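We did not get these values from a lab; they are worked out from the coordinates using the rules stated. This is a predicted model, so every value here is computed, not measured. Glycine gets a Cβ as well: all are built from the backbone with ideal geometry, and neighbour counts include every protein chain shown.
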Amino acid sequence: MHILLTGGTGLIGRALCRLWLAQGHQLTVWSRRPQRVASLCGAAVRGIGRLDELGDEPLDAVINLAGAPIADRPWTHKRKALLWASRITLTEQLLAWLEAREQRPAVLISGSAVGWYGDGGERELTEGMPPVHEDFASQLCVAWEETAQRASSLGIRVVLLRTGLVLARDGGFLKRLLPPFRLGLGGPLGNGRQWMPWIHLDDEIAAIDFLLRHEGAEGPYNACAPQPARNKAFARALGRAVRRPALLPVPELALRISLGELAGLLLGSQRATPQRLEEAGFIFHYSDLDRAFSHLLARHD
């Protein structure tokens, strides 16, 4: 199978490349820095800087994960424009290129996030629900999904992946949390009651592979563990994993002053559950936080 990835040099993309190379697939990564692709993704992975470099080569699937990190810095007007362009504008370019091709892939799996729902409070968020609160993160995800969905008019099966907080050993949110938690300085954000949908990186990769192969899979899927956790429970579980107390909360006011609008992403609640993935027969390997943290931190402690 020939698979084209955007965002292939990111945390999820690199892990997908490792899996699919081992399975014998042909991989191409569309990147702003194609010269770095082989070293980051694997020597057999081809990096391209322009889509037209593929010419008329047959293509079986597109995995669209590109997007600037959403929580790395405050959402200034400039940052919002970058977040929008790196997702929606790039996906529009991808769609225009697919439309111009004679041969088109069978499936497009396009990234999104549980932020699509906005702050859902205590409500359980399954894929059939509309957005419950429209903040910037929700508007961004809604526009991203709407753009990707246009590929269905080209005869392409479209899967929309609403991912929760991805837990990984060597990157992402967990890597930033570990230093203060190891010093005993970790704790909940705000009152800690907000729901945090999360997923172990291994389950995220397995879910994408599952949806790629499942020919009946189409539309939105929540990619998050079956047991969402409140932020306070998440902090306590991480504290247990590193054998440190996790009792020092970060006050909501301090987050809002330092992060501005971005604070809403950390303080908002998404009690998302993977209803459609489970109905399709996908089995999670890491369904509770203690098991996930035990696996991820075993080589460090």
For residue 229, residues with placed amide H under 5 Å, excluding near neighbours: 196, 198
Collect residues whose amide H, placed 1.01 Å from N in the peptide plane, falls under 5 Å from the amide H of residue 29; neighbours closer than 5 in sequence don't count. 5, 46, 47, 48
Once you wrap a convex hull around the alpha carbon atoms of the stretch 159-198, what is its projected area averaged over all directions, in nm²? 3.9 nm²
Surrounding net charge for residue 160, when Lys and Arg each add one and Asp and Glu each subtract one, Cβ distance under 13 Å: +1
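What are the semi-axes of the equivalent ellipsoid for the stretch 1-98, taken as the square roots of 5 times the Cα gyration tensor eigenvalues, largest first, in whole Å?
Working from the Cα gyration tensor, I get semi-axes of 24, 16, 11 Å.
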Pick from 182, 236, 33: which is most flexible by mean-square fluctuation in a GNM of the chain where alpha carbon atoms under 10 Å apart are linked? 33
Square roots of five times the Cα gyration tensor eigenvalues for the chain, Å: 32, 21, 19
Using only Cα atoms and rounding to the nearest 10 degrees, what angle (0 to 90) does helix 136-149 make with the longest principal axis of the chain? 20 degrees
Quick one: what Rg and Dmax do you get for the stretch 63-127 from the alpha carbons, in Å? 15.1, 47
Considering only the chain, what is the antiparallel percent among its DSSP beta bridges, to the nearest 5? 5 percent
Using a Förster distance of 25 Å, how high is the FRET efficiency between residue 240 and residue 278, based on the Cβ-Cβ distance and rounded to 0.05? 0.40
Across every pair of different alpha-carbon atoms, what Kirkwood hydrodynamic radius in Å does the stretch 166-301 reach? 15.8 Å
Can you tell me the length gained on complete extension of the stretch residue 85 to residue 170, counting 0.36 nm per residue apart and subtracting the Cα distance? 27.9 nm
Unit Cα scatterers, Debye sum, the stretch 246-301: log10 I(q)/I(0) for q = 0.28, 0.30 Å⁻¹: -1.03, -1.09
Ratio of the stretch 177-250's C-alpha Rg to 2.2 N^0.38 Å, to two decimals? 1.40
What FRET efficiency would be calculated for the residue pair residue 294, residue 56, taking the C-beta separation as r and a Förster radius of 51 Å, to the nearest 0.05? 0.55
By the scheme Lys and Arg +1, Asp and Glu -1, what is the net charge of all other residues having a beta-carbon under 11 Å from that of residue 192? +3
Cα Rg, Dmax (largest Cα-Cα span) when computed across the stretch 94-176, Å: 15.3, 47
Please compute the contact order of the stretch 124-241 in relative form: average sequence separation of alpha-carbon pairs under 8 Å and at least six residues apart, divided by the residue count, as a percent. 33 percent
Which lysines have a Cα lying under 19 Å from the Cα of residue 232, excluding residues fewer than 8 positions away in the same chain? 175
Proxy reagent accessibility, fewest Cβ within 10 Å first, across 76, 91, 273: 76, 273, 91
Eligible aspartates and glutamates near residue 80 by straight Cα distance, threshold 20 Å, same-chain separation 8 or greater: 72, 92, 119, 134, 135, 145, 146, 261
What are the equivalent ellipsoid semi-axes of the stretch 84-243, built from the alpha-carbon gyration tensor (square roots of five times its eigenvalues), in whole angstrom, biggest first? 33, 17, 15
Once the stretch 35-150 is represented by equal point scatterers at the alpha-carbon sites, with solvent omitted, what log10 I(q)/I(0) does the Debye formula produce at q = 0.10, 0.16, 0.17, 0.19 Å⁻¹? -0.39, -0.90, -0.98, -1.12
To the nearest 10 degrees, how steeply does helix 172-182 sit against the main Cα axis of the chain, on a 0 to 90 scale? 20 degrees
Ranked output for segments 35-46, 203-214 by mean other Cβ atoms within 10 Å, highest leading, reads 203-214, 35-46
Kindly state, as a whole number, the per residue volume in cubic angstrom of the convex hull around the alpha carbon atoms of the stretch 214-257. 136 Å³
Simple spin-label estimate for residue 152 and residue 102 in nanometres, 7 Å along Cα-Cβ: 2.9 nm
In degrees between 0 and 90, to the nearest 10, how far off the longest principal axis of the chain does helix 11-22 point, with axes built from Cα atoms? 50 degrees
Just how many % of Cα pairs in the stretch 137-181 lie over 16 Å apart, if you round to the nearest whole percent? 57 percent
